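Colleague: Mind having a look at this structure? Questions to follow.
The values are calculated or read from the model by the stated rules, or taken from the named source; none is laboratory data. Note that the structure is predicted; figures quoted are calculated from it, not measured. No Cβ is skipped: glycine too gets one built from the backbone with ideal geometry, and neighbour counts run over all protein chains shown. All accessible areas refer to the heavy atoms of the entire protein, side chains included, with ligands and DNA or RNA removed. Shrake-Rupley method; radii C 1.70, N 1.55, O 1.52, S 1.80 Å.
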Amino acid sequence: MSATEQLRARFESVFMPNYGTPPIALVKGEGRHVVDADGKRYLDLIAGIAVSALGHGHPALAKAVAAQAETLAHTSNLFLNEPEIALAERLVGLLGVPARVFLANSGTEANEAALKLVKRVAGPDRTYFVSTVAGFHGRTSGSLALTGKDAIREPFGPFGLDVRFVAHGDAEALRAAVTPACAGVFVEPIQGEAGVVAPDPDYLHAVREICDENGAAFVLDEIQSGVGRTGHWFAHQGHGVLPDVMTLAKGLAGGLPIGACIGFGPYGTAFAKGDHGSTFGGNPIAAAAALAVLDTIEADGLLESAARLGALLAQEILDVHHPLITGVRGAGLWRGIVLAAPVAARVQARAAAAGFLVNAVTPDTIRLAPPLTITRGEVLEFTGALPKILAAVAAEGDGDGAGRR
Ligand SMILES: *Cc1c(COP(=O)(O)O)cnc(C)c1O
């Protein structure tokens, strides 16, 4: 048995079977590359699902985490720590408008905080929420209730939350669903787990307007889109629209667990003492990591780079002109390669065999979310290898299902 096969067998005998066993075991990373248990090296174009924003082993992140671990690893919310305060100040500064922050440990927790915040402001007469078909907001009961993927939500309901789903990007459907009895609307700027699907550019404006007309909260889930992914600090900044509540997680601390729920205007101060909390939230190591991520994005011009190299990546993929590719969706360094057949899992496997990690996010979409530190040479290395990868898939024949998720 290879080292990978041994790890897979151990994984399968000890973990709950909620994940399909991943085919690859990673043991180390350096920059945009990772190495598996059998020594094979890959260019990482998925970055742990849009998380490893600075790639792997980045010295700024490693230094910040090590220094904080040596100094003070944890305080709980019984005590203040300076890194959590500095991080919240930094986030508010990047937003450029008055806001208040709650720190959690994951995306789903950030959305749970947002849900409670909205309930706090809405009061008892606003009885339902609106969310989007195929949208993803997390796996805990509140955020799962808001998730528009029937297959993962329905087996676990009912949730005691009235959620109505409308098509993402359909402003008229949203207008019809939102009334003065609606507490809040949960939306992703671009749907990540649905396959990196972007709405029309004026959609977020319409969501803002519809929420304002009905007094409903506009909650923007920027867990996957935020922290530079689209070439802006936060995707909504590219639209000139401000939500009432924004959630962050994934790329924020470059690989350490973190989540943030940010409230604007009255939503910033709606929680009363005792309304919410988290033992690990505001953890100084995670906060130090997030500060290192934000400082590096700024110092190294990674927003501009995400916009420029993201556009190059999309164009180079289209220029491959392979019949299996029907389009490229998304923004910045966050892309969905749309395939003409449900062969995404095979493309993922063939790409891995060729030394590239990509993600079959839906049966016919390959998701790319590389580290924001990726270089032009690395982008071209991948697009240069695509024709061979696709030719190998085409030679195999008919379709299959999606990859792990
Ligand atoms: C990943 C994701 C979540 C859930 O985050 P977890 O950290 O896995 O709980 C929620 N919303 C969006 C848009 C996401 O991409």
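Colleague: Just the residues that are within 22 Å of the chain's Cα centre (by Cα) and open to solvent by less than 30 Å² (accessible area, probe 1.4 Å), please, taken from segment 318-334.
Modeller: The initial filter retains those residues of segment 318-334 that are within 22 Å of the chain's Cα centre (by Cα), namely 327-334.
Those that are within 22 Å of the chain's Cα centre (by Cα) and open to solvent by less than 30 Å² (accessible area, probe 1.4 Å): G327, G330, A331, G332, L333, W334.
Colleague: Mind listing whichever residues of segment 172-220 are buried (at least 22 other Cβ atoms within 10 Å of the Cβ) and among the aromatic types (F, W, Y)?
Modeller: Within segment 172-220, F186, F218 qualify.
Colleague: Another question about this same structure. Restricting to segment 167-210, count the residues that are under 14 Å from the mean Cα position of the chain (by Cα) and within 16 Å of V118 (Cα to Cα).
Modeller: Number satisfying all stated conditions: 1.
Colleague: Need a quick list: helices (runs of 4 or more DSSP H) entirely within segment 110-180 having at least 3 residues that are over 21 Å from Y267 (Cα atoms) and within 16 Å of the ligand (Cβ to nearest atom). Before the answer, list the steps.
Modeller: Values: elements: 141-145, 150-153, 171-177.
In segment 110-180, 141-145 are the helices (runs of 4 or more DSSP H) which contain 3 or more residues that are over 21 Å from Y267 (Cα atoms) and within 16 Å of the ligand (Cβ to nearest atom).
Colleague: Of the residues A287, A206, A311, which single one is small (G, A, S) and in contact with a strand residue (DSSP E or B) (Cβ under 8 Å, 6 or more places away or on another chain)?
Modeller: Working: A206 fails: in contact with a strand residue (DSSP E or B) (Cβ under 8 Å, 6 or more places away or on another chain); A311 fails: in contact with a strand residue (DSSP E or B) (Cβ under 8 Å, 6 or more places away or on another chain).
Every option except A287 fails the conditions.
Colleague: Does segment 152-173 contain any residue that is touching a residue at least 40 places away in the same chain (Cβ under 8 Å) and within 30 Å of I337 (Cβ to Cβ)?
Modeller: no
Colleague: Return the residues of segment 4-54 that are free of Cβ contacts under 8 Å to residues at least 40 places away in the same chain, among the aromatic types (F, W, Y) and surrounded by 13 or more Cβ atoms within 10 Å (Cβ to Cβ); say none if nothing qualifies.
Modeller: Let us first name the residues in segment 4-54 that are free of Cβ contacts under 8 Å to residues at least 40 places away in the same chain, namely 4-18, 21, 25-30, 33, 35-39.
Now drop any that are not among the aromatic types (F, W, Y), which leaves 11, 15.
Result: F11, single match.
Colleague: Which of the residues belonging to segment 378-398 are closer than 30 Å to A292 by Cα and open to solvent by 50 Å² or more (accessible area, probe 1.4 Å)?
Modeller: L380, E381
Colleague: Which count do you get for residues in segment 309-343 that are part of a helix (DSSP H, G or I) and in contact with a helix residue (DSSP H, G or I) (Cβ under 7 Å, 6 or more places away or on another chain)? Don't jump to the end; show me each part of the working.
Modeller: Here is the first cut: in segment 309-343, the residues part of a helix (DSSP H, G or I) are 309-319.
Of the ones still in play, those that are also in contact with a helix residue (DSSP H, G or I) (Cβ under 7 Å, 6 or more places away or on another chain) are 309, 312-313, 316-317.
Final tally of qualifying residues: 5.
Colleague: Name the residue, out of L242, L291, L220, that is more than 15 Å from the ligand (Cβ to nearest atom), over 29 Å from L78 (Cα atoms) and under 20 Å from the mean Cα position of the chain (by Cα). Break it down into steps so the answer makes sense when it comes.
Modeller: Numbers: L291 fails: over 29 Å from L78 (Cα atoms); L220 fails: more than 15 Å from the ligand (Cβ to nearest atom).
Of L242, L291, L220, the one residue that is more than 15 Å from the ligand (Cβ to nearest atom), over 29 Å from L78 (Cα atoms) and under 20 Å from the mean Cα position of the chain (by Cα) is L242.
Colleague: Let me ask another. What is the number of the single condition among (1) more than 30 Å from R329 (Cα to Cα); (2) among the β-branched types (V, I, T); (3) touching a helix residue (DSSP H, G or I) at 6+ places or on another chain (Cβ under 8 Å) that V219 does not meet?
Modeller: Among (1) more than 30 Å from R329 (Cα to Cα); (2) among the β-branched types (V, I, T); (3) touching a helix residue (DSSP H, G or I) at 6+ places or on another chain (Cβ under 8 Å), the lone unmet condition for V219 is (1).
Colleague: Which ones in segment 117-148 are surrounded by 23 or more Cβ atoms within 10 Å (Cβ to Cβ) and at positive phi?
Modeller: G138
Colleague: Please determine whether any residue of segment 213-230 is assigned to a helix (DSSP H, G or I) and assigned by TED's automatic domain parsing to the domain that holds L144. Walk me through how you get there before you give the answer.
Modeller: Quick first cut of segment 213-230, residues assigned to a helix (DSSP H, G or I) only: 213-214.
Still in the running and assigned by TED's automatic domain parsing to the domain that holds L144: 213-214.
Within segment 213-230, one or more residues are assigned to a helix (DSSP H, G or I) and assigned by TED's automatic domain parsing to the domain that holds L144.
Colleague: Could you please find all residues in segment 181-210 being over 22 Å from K149 (Cβ atoms) and either small (G, A, S) or in a helix (DSSP H, G or I) (or both)?
Modeller: Answer for segment 181-210, where residues must be over 22 Å from K149 (Cβ atoms) and either small (G, A, S) or in a helix (DSSP H, G or I) (or both): A181, H205, A206, R208, E209, I210.
Colleague: In this structure, does A349 turn out to be surrounded by fewer than 22 Cβ atoms within 10 Å (Cβ to Cβ), in contact with a Phe, Trp or Tyr (Cβ under 9 Å, 6 or more places away or on another chain) and outside the structural domain of G251 (by TED's automatic domain parsing)? Spell out how you get there, then give the answer.
Modeller: Details: surrounded by fewer than 22 Cβ atoms within 10 Å (Cβ to Cβ): yes; in contact with a Phe, Trp or Tyr (Cβ under 9 Å, 6 or more places away or on another chain): no; outside the structural domain of G251 (by TED's automatic domain parsing): yes.
No: the conditions fail for A349.
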